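This report concerns only the one structure given below.
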Amino acid sequence: MSTRLKWQKSSFSGGGEGNDCLELASSPTHIHLRESDTPTTALTTNPAALAHLLKGIRTGAL
């Protein structure tokens, strides 16, 4: 069974209506990311892997 994702625009994308923002959606086991100008292409990961990536970015390790 396929569940329709509820996409949310990132608060860091600004308030405009343009197509230059990051959108996020979640499912029970995954986090999905896409650019609003290419909505058919999405990156899918799990919360632990995304947290690891974000920590590496914040600390300068990546």
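Every number in this text was worked out from the coordinates using simple rules, so none of it is lab data. As the structure is a prediction and not an experimental result, all values here were calculated from the model. For neighbour counting, all protein chains shown are included, and Cβ atoms are generated from backbone atoms with ideal geometry for every residue, glycine included.
Other residues with beta-carbon under 15 Å from the beta-carbon of Pro28 carry, at +1 per Lys or Arg and -1 per Asp or Glu, a net charge of +2. With the simple model of a label 7 Å out from the Cα in the direction of the Cβ, Thr29 to Ile57 spans 2.5 nm.
The local environment of Pro39, defined by Cβ-Cβ distances under 12 Å, has a net charge of -1 under the rule Lys, Arg +1 and Asp, Glu -1.
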